[in-house]
Amino acid sequence: MPEQKPIPVATPPQTQTAAIIVLAGVVAIIIGALYLAQATVTATTGTEIDNLAATRDTLQQMNDDALARIAIAKNLDLLRGRAQALGFQPVDTNHQEYIYIAGYSPVRATPTPQITPTLVVVYDETFNGWAKKQWDTLVQQFEAWAGHATPTPAP
């Protein structure tokens, strides 16, 4: 029978070294995955912020345009021109008419209400004073219960 050679077996230091290398690789993969996830969240948030800023700028521009249109529409010369185009004319005192309405008072001012000052209760009791009053009441009630004194009504 031919002689069998022993199968080489990994020695414990080689096994420990391989385990450390595999563990370091797993840790590196986990750290890389966490970094990638954080980078993705950061990039997505940045994109959302950019989109919101663009929307804000668009809305601000629309507001400014609306304010400009309002200012143009309030221009007195433009209003007079539009009124004349519709057939209106400036009024003079010869063509002015007044209508009298019975019971109407153009002065509609109401008197200012009088504010009456109310008394404010000043709270000046301290905790020590309150605790002493409670203790005295308890002592009086105990003495009344024991028959040593007459009870006094609590405030």
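Scanning segment 59-79 for residues that are part of a helix (DSSP H, G or I), over 37 Å from the mean Cα position of the chain (by Cα) and surrounded by 10 or more Cβ atoms within 10 Å (Cβ to Cβ) turns up at least one hit. Please work out which residue is modelled with the highest pLDDT, limiting yourself to segment 109-153 and to residues that are small (G, A, S) and exposed (fewer than 10 other Cβ atoms within 10 Å of the Cβ). Filtering first and then ranking leaves A146.
The values are calculated or read from the model by the stated rules, or taken from the named source; none is laboratory data. Only a predicted model underlies this, so the values are computations on that prediction, with no experimental measurement involved. Every residue, glycine as well, gets a Cβ built from its backbone with ideal geometry; the counts of neighbours run over all protein chains shown.
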